[in-house]
Amino acid sequence: MQSAVLAGDDERVLGVRFDVARQAYNACLSESLRRLDLLRQSRNYQAARKLPQGAKGSAAAKARAAAFREANEQHGFREYDLHAWAGEHIAHEWLGEHLDSLTVQKIATRAFQAVQQYAFGKRGRPR
(Lines give C-alpha, C1' and ligand atoms only; values in the text may rest on other atoms or scores of the structure.)
Protein backbone atom coordinates (compact mmCIF):
# COMPACT_ATOMS: atom_id res chain seq x y z
CA MET A 1 0.00 0.00 0.00
CA GLN A 2 1.38 3.36 -1.02
CA SER A 3 1.43 6.21 1.46
CA ALA A 4 -0.31 9.50 0.60
CA VAL A 5 2.53 11.42 2.22
CA LEU A 6 5.51 12.21 0.02
CA ALA A 7 8.93 11.06 1.06
CA GLY A 8 11.43 13.76 2.00
CA ASP A 9 13.37 13.44 -1.28
CA ASP A 10 10.22 13.58 -3.41
CA GLU A 11 9.03 16.65 -1.55
CA ARG A 12 12.38 18.37 -2.07
CA VAL A 13 12.40 17.56 -5.81
CA LEU A 14 8.86 18.90 -6.24
CA GLY A 15 9.75 22.05 -4.31
CA VAL A 16 12.74 22.65 -6.55
CA ARG A 17 10.68 22.04 -9.72
CA PHE A 18 7.96 24.47 -8.61
CA ASP A 19 10.53 27.12 -7.78
CA VAL A 20 12.31 26.65 -11.11
CA ALA A 21 8.97 26.80 -12.94
CA ARG A 22 8.18 30.07 -11.16
CA GLN A 23 11.52 31.52 -12.20
CA ALA A 24 11.03 30.34 -15.80
CA TYR A 25 7.53 31.87 -15.91
CA ASN A 26 8.83 35.20 -14.59
CA ALA A 27 11.61 35.18 -17.19
CA CYS A 28 9.14 34.47 -20.02
CA LEU A 29 6.75 37.10 -18.71
CA SER A 30 9.51 39.67 -18.54
CA GLU A 31 10.65 38.90 -22.08
CA SER A 32 7.07 39.08 -23.40
CA LEU A 33 6.46 42.44 -21.75
CA ARG A 34 9.77 43.74 -23.13
CA ARG A 35 8.78 42.66 -26.64
CA LEU A 36 5.34 44.24 -26.24
CA ASP A 37 6.92 47.54 -25.21
CA LEU A 38 9.24 47.45 -28.22
CA LEU A 39 6.30 46.59 -30.47
CA ARG A 40 4.22 49.48 -29.20
CA GLN A 41 7.10 51.90 -29.81
CA SER A 42 7.62 50.75 -33.40
CA ARG A 43 6.54 52.79 -36.39
CA ASN A 44 4.81 49.80 -38.01
CA TYR A 45 2.57 49.34 -34.98
CA GLN A 46 1.76 53.05 -34.78
CA ALA A 47 0.86 53.07 -38.48
CA ALA A 48 -1.34 49.98 -38.03
CA ARG A 49 -3.21 51.66 -35.17
CA LYS A 50 -4.03 54.62 -37.42
CA LEU A 51 -5.61 52.43 -40.09
CA PRO A 52 -9.42 52.42 -40.08
CA GLN A 53 -10.99 49.45 -38.33
CA GLY A 54 -13.78 48.84 -40.80
CA ALA A 55 -16.53 46.30 -40.47
CA LYS A 56 -15.67 42.73 -39.52
CA GLY A 57 -14.44 40.87 -42.61
CA SER A 58 -14.11 44.00 -44.74
CA ALA A 59 -11.02 44.83 -46.77
CA ALA A 60 -10.10 47.62 -44.33
CA ALA A 61 -10.28 45.22 -41.37
CA LYS A 62 -8.16 42.65 -43.21
CA ALA A 63 -5.55 45.25 -44.13
CA ARG A 64 -5.36 46.43 -40.52
CA ALA A 65 -5.04 42.87 -39.22
CA ALA A 66 -2.28 42.18 -41.75
CA ALA A 67 -0.42 45.31 -40.64
CA PHE A 68 -0.62 44.25 -36.98
CA ARG A 69 0.46 40.70 -37.89
CA GLU A 70 3.50 42.04 -39.75
CA ALA A 71 4.46 44.31 -36.85
CA ASN A 72 4.12 41.39 -34.41
CA GLU A 73 6.28 39.21 -36.62
CA GLN A 74 8.91 41.88 -37.06
CA HIS A 75 9.31 42.37 -33.30
CA GLY A 76 8.99 38.72 -32.31
CA PHE A 77 5.73 39.16 -30.42
CA ARG A 78 4.29 35.76 -31.28
CA GLU A 79 3.81 32.69 -29.15
CA TYR A 80 6.27 30.54 -31.08
CA ASP A 81 8.91 33.26 -31.01
CA LEU A 82 8.67 33.12 -27.22
CA HIS A 83 8.88 29.31 -27.36
CA ALA A 84 12.12 29.64 -29.30
CA TRP A 85 13.46 32.20 -26.83
CA ALA A 86 12.52 30.03 -23.84
CA GLY A 87 14.09 26.95 -25.39
CA GLU A 88 17.27 28.87 -26.07
CA HIS A 89 17.59 30.73 -22.78
CA ILE A 90 15.82 28.59 -20.21
CA ALA A 91 16.11 24.98 -21.35
CA HIS A 92 19.88 25.26 -21.88
CA GLU A 93 20.66 26.94 -18.57
CA TRP A 94 20.62 25.38 -15.12
CA LEU A 95 16.83 25.75 -15.08
CA GLY A 96 16.65 23.23 -17.91
CA GLU A 97 18.17 20.59 -15.66
CA HIS A 98 14.92 20.58 -13.67
CA LEU A 99 12.31 21.15 -16.41
CA ASP A 100 11.72 19.29 -19.65
CA SER A 101 11.21 21.14 -22.94
CA LEU A 102 7.43 20.58 -23.05
CA THR A 103 7.05 22.15 -19.61
CA VAL A 104 9.16 25.12 -20.68
CA GLN A 105 6.97 25.56 -23.79
CA LYS A 106 3.79 25.42 -21.72
CA ILE A 107 5.17 28.00 -19.30
CA ALA A 108 6.08 30.25 -22.26
CA THR A 109 2.56 29.84 -23.70
CA ARG A 110 0.92 30.86 -20.41
CA ALA A 111 3.17 33.90 -20.09
CA PHE A 112 2.50 34.96 -23.69
CA GLN A 113 -1.26 34.56 -23.29
CA ALA A 114 -1.21 36.72 -20.16
CA VAL A 115 0.68 39.48 -21.98
CA GLN A 116 -1.56 39.14 -25.04
CA GLN A 117 -4.67 39.64 -22.90
CA TYR A 118 -2.99 42.74 -21.45
CA ALA A 119 -2.12 43.99 -24.95
CA PHE A 120 -5.75 43.63 -26.05
CA GLY A 121 -6.95 45.53 -22.97
CA LYS A 122 -8.88 42.58 -21.54
CA ARG A 123 -6.77 42.24 -18.38
CA GLY A 124 -4.37 44.26 -16.31
CA ARG A 125 -0.59 44.20 -16.56
CA PRO A 126 0.61 40.74 -15.49
CA ARG A 127 3.13 40.48 -12.71
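The values are calculated or read from the model by the stated rules, or taken from the named source; none is laboratory data. Source: prediction; values computed, not measured. Cβ atoms come from the backbone with ideal geometry, glycine included; neighbour counts cover every protein chain shown. Please note that ligands, DNA and RNA were not included when accessible areas were found on the heavy atoms of the full protein model with its side chains. Shrake-Rupley method; radii C 1.70, N 1.55, O 1.52, S 1.80 Å.
Scanning the stretch 90-113 for residues that are open to solvent by 90 Å² or more (accessible area, probe 1.4 Å) and among the aromatic types (Phe, Trp, Tyr) returns a single hit, 94.
For the stretch 63-117, a residue qualifies if it is in a loop (DSSP other than H, G, I, E, B), in contact with a helix residue (DSSP H, G or I) (Cβ under 8 Å, 6 or more places away or on another chain) and closer than 20 Å to residue 20 by Cβ, and the qualifying residues are 90, 91, 98, 99.
Of all residues in the stretch 24-38, those that are more than 10 Å from residue 86 (Cα to Cα) and open to solvent by 10 Å² or more (accessible area, probe 1.4 Å) have Cβ atoms under 6 Å from Cβ atoms of residues that are in a helix (DSSP H, G or I) and modelled with pLDDT of 95 or more, 6 or more apart or on another chain, in 33/115.
Out of the residues in the stretch 118-127 that are at pLDDT 90 or above and not in a helix (DSSP H, G or I), state the one that is most open to solvent (accessible area, probe 1.4 Å).
Step by step, filter the stretch 118-127, then rank; the result is 123.
Going by what's in this entry, would residue 16 be described as more than 19 Å from the chain's Cα centre (by Cα) and under 24 Å from residue 88 (Cβ atoms)? When the stated conditions are applied, residue 16 passes them.
For the stretch 42-62, a tally of residues being farther than 17 Å from residue 120 by Cβ, assigned to a helix (DSSP H, G or I) and of a type in the set (A, V, I, L, M, F, W, C) returns 3. Filtering the stretch 78-89 to residues that are open to solvent by 60 Å² or more (accessible area, probe 1.4 Å) and either in contact (Cβ under 8 Å) with a residue 60 or more places away in the chain or of a type in the set (D, E, K, R) (or both) leaves 78, 88, 89. Of all residues in the stretch 41-77, which are among the charged types (D, E, K, R) and either open to solvent by less than 60 Å² (accessible area, probe 1.4 Å) or in contact (Cβ under 8 Å) with a residue 12 or more places away in the chain (or both)? Selection gives 64, 70.
If you check residue 93 against the conditions, is it of a type outside the set (A, V, I, L, M), closer than 25 Å to residue 104 by Cα and without any contact (Cβ under 8 Å) to a residue 24 or more places away in the chain? Yes; evaluated as a whole, the condition is true for this residue.
Run down 13, 20 and say which single residue is touching a residue at least 40 places away in the same chain (Cβ under 8 Å) and open to solvent by less than 80 Å² (accessible area, probe 1.4 Å).
20
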